[in-house]
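Heads up: the structure comes next, in structure tokens.
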Amino acid sequence: MWFILTINSVTLGGLLFLLSAGFSLIFGLMRIPNLTHGSFFMLGGYLGVTLIRFGLNFWIAAILTALIMAAIGVTVERLLLRPLGGNAMQQVLLTLGLSFIIADLSLMIWTGDPVRVPTPPGLEGTASLFALQFPLYRLAVVGIAVIIAVGLWLMIERTRLGAMIRAGVDDAPMARVVGIRVSALFSVVFALGAALAGFAGLMAGPYLSIYPGLDSEMLPLALIVVILGGTNSLLGALVGSFIIGFLFNFGQVLFPNLAYVILFLPMLVILMFRPQGLFGRLT
Amino acid sequence: MPADALRFSGVDVYYGESHALHGVSFSVGEGRVLGLLGRNGAGKTTCMNTTVGLLQPRRGDIALFGESISRLGPEAISRKGIGLVPQGRRVFKRLTVRENLVVASRRLPGRQAPKWTLDTVLDEFPRLRERTSHYAGNLSGGEQQMLAIGRALISNPRVLLMDEPSEGLAPQIVAGVFATIAKLKSQGLSIVLVEQNPKLVIDIADDIVVLNSGSVVIAETTRSIHEKNIDVSRYLGVVSAEDAVS
Ligand SMILES: Nc1ncnc2c1ncn2[C@@H]1O[C@H](COP(=O)(O)OP(=O)(O)OP(=O)(O)O)[C@@H](O)[C@H]1O
Ligand SMILES: [Mg+2]
């Protein structure tokens, strides 16, 4: 059992990273918690499974889902958030309202029954190593999360676009003064965040299945990850995701009545001693 | 008659209900250095931030070489050719020295070779060349000031605004910064130099504007300040007044 619990924890950690990396980027640059982020996750799962039902291969569906979600992200940012002109309270309320709308629309379209996503062919079984049985699909999820983490890190830390995003996070007005189109960066991070969240939603499908309420289960987890790991820190999001992955799975089994205490208590303790989070920097 | 490089015409700026600039007018001739003086809270930074588009004037106009820029956003104003070395330097702390410069550089319209590139900026400030991969937040104050100047120059501005570039720096470092300013002036760049201490600007500025409580109280050429023996210091901070006496 410990072994399966560990595998589940690491898998959840990988999924949470895909979810919270974008959440953290959006928060860092636009200074708003995107309360639609859990909805992007769920919507990605539903969209992906629909594409698969049309006969698409799982991986092609996953890539298409990410692209569609990126388009949805840009649309939300340009058409809905931008007209609010940086009024943070209004923007947050808008993302909250949008999450209700997406939840209702999803219920209409995909009904209230959990949707099972077939495990991609070739990854149904397990691989045995040291007398332990590793479920292949979950290993693949972790591998993909790690690859995306490295890719994101390279993008943020090693490209001119990434440097512009960091400049915007650091001092957005000054970034504009040196000629960086910060509002274009908002669209970029929103598209990226939505794409990653939606992609993660489909990845989660074969393991969690997709159901109404998945959005509001994932959003607080992303919030805790980012608060725990520290905003503006990809490494923080990565480490925070795996910590929460373990706490969530082990907490539910060991202290089923206290699962939420187990999740939130470490966050409170860390915030008391490091208000900026484990890897965050005070600005 | 050629248009001034930068012209303020009756500019009023508010922070909410608080009236920060009262009908401010002055102009910077092409290739000239204008020293903008005034004590704490006089409105110098407000002038700079309005010029670059971080604040919007409620009345009046700001023109760059005759073209109004007062309704544009900061990105557009930067592209029109205004560079700012902001008060407190405001380098991007989590970017390396090189990245601070690269994010601010861009292609110029047309085929002209830009004067300021990553290479020429690093030539100008050899200290920065030794530290291109250091994070800007880890630099000394003087190095951060060089970086802030380099970051403004790399966009190849037609007008350079410098908001208290001497603030918080040791005298020796200040001398270096002013040597750079003198060099830029000799290359024909139009510059607005904000300071609190008149002694720092009087040698280098062609024109002097003094702000007091958001209004222009003195606007003269440096020469006529000398000739008419105008007492600039009475509008400036206590420290500067003592400096002027000593
Ligand atoms: N963000 C703001 N909100 C409200 N009032 C402000 C703001 N920034 C400046 N002010 C006020 O506007 C006036 C002008 O301030 P400004 O920063 O332009 O002065 P300054 O001449 O640059 O002073 P210093 O030499 O201290 O930098 C001051 O009374 C200041 O209190
Ligand atoms: Mg100031």
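The values are calculated or read from the model by the stated rules, or taken from the named source; none is laboratory data. Only a predicted model underlies this, so the values are computations on that prediction, with no experimental measurement involved. All Cβ positions, glycine included, derive from the backbone under ideal geometry; neighbour counts span all protein chains shown.
A few comments on the model shown:
- When restricted to residues that are under 18 Å from residue B:175 (Cβ atoms) and in contact (Cβ under 8 Å) with a residue 24 or more places away in the chain, the range B:129-142 contains 2.
- Restricting the range B:52-66 to residues that are more than 10 Å from chain A (Cβ to nearest Cβ) and in contact (Cβ under 8 Å) with a residue 60 or more places away in the chain, the residue that is farthest from ligand 2 (Cβ to nearest atom) is B:66.
A quick yes/no check of all residues on (1) within 16 Å of ligand 2 (Cβ to nearest atom); (2) under 29 Å from residue B:139 (Cβ atoms); (3) not assigned by TED's automatic domain parsing to the domain that holds residue B:198:
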{"residue": "B:9", "(1), (2), (3)": "no, no, no"}
{"residue": "B:17", "(1), (2), (3)": "no, no, no"}
{"residue": "B:20", "(1), (2), (3)": "yes, no, no"}
{"residue": "B:24", "(1), (2), (3)": "yes, no, no"}
{"residue": "B:43", "(1), (2), (3)": "yes, no, no"}
{"residue": "B:97", "(1), (2), (3)": "no, yes, yes"}
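- When residues of the range B:36-61 are limited to those that are near ligand 1 (Cβ under 9 Å from one of its atoms) and of a type in the set (Lys, Arg), the one surrounded by the fewest Cβ atoms within 10 Å (Cβ to Cβ): B:39
- Some residue of the range B:76-87 being in contact (Cβ under 8 Å) with a residue 12 or more places away in the chain and at positive phi: yes
- Of the residues B:54, B:72, B:34, the single one that is assigned by TED's automatic domain parsing to the domain that holds residue B:210, assigned to a strand (DSSP E or B) and not small (Gly, Ala, Ser) is B:34.
- Taking the range A:102-132 as the range and being part of a strand (DSSP E or B) and over 24 Å from residue A:59 (Cβ atoms) as the test, the residues that pass are A:128, A:129, A:132.
- The single condition among (1) of a type outside the set (Phe, Trp, Tyr); (2) modelled with pLDDT under 95; (3) within 16 Å of ligand 1 (Cβ to nearest atom) that residue B:71 does not satisfy is (3).
- Lone unmet requirement of (1) over 17 Å from the mean Cα position of the chain (by Cα); (2) on the phi < 0 side of the Ramachandran plot for residue A:238: (1)
- Of all the numbered requirements in (1) away from chain A (no Cβ under 14 Å); (2) more than 16 Å from ligand 2 (Cβ to nearest atom), residue B:77 misses one, and that requirement is (1).
- Within the range B:105-119, considering residues that are of a type outside the set (Phe, Trp, Tyr) and within 14 Å of another protein chain (Cβ to nearest Cβ), the one farthest from residue B:155 (Cα to Cα): B:109
- Extreme residue, nearest to residue A:106 (Cα to Cα), among residues of the range A:167-226 that are in a helix (DSSP H, G or I) and among the hydroxyl-bearing types (Ser, Thr, Tyr): A:216
- Screening residue B:215 against (1) in contact with a His (Cβ under 9 Å, 6 or more places away or on another chain); (2) under 27 Å from residue B:81 (Cβ atoms); (3) not β-branched (Val, Ile, Thr) leaves a single unmet condition, (2).
- Breaking point among (1) at pLDDT 95 or above; (2) more than 9 Å from ligand 1 (Cβ to nearest atom); (3) touching a Phe, Trp or Tyr at 6+ places or on another chain (Cβ under 7 Å), for residue B:20: (2)
- Helices (runs of 4 or more DSSP H) completely within the range A:1-96 that count 3 or more residues being among the aliphatic types (A, V, I, L, M), without any contact (Cβ under 8 Å) to a residue 60 or more places away in the chain and under 22 Å from residue A:230 (Cβ atoms): none
- For the range B:80-104, the candidate set comprises residues that are more than 9 Å from chain A (Cβ to nearest Cβ) and assigned to a loop (DSSP other than H, G, I, E, B); within that set, the residue that is surrounded by the most Cβ atoms within 10 Å (Cβ to Cβ) is B:89.
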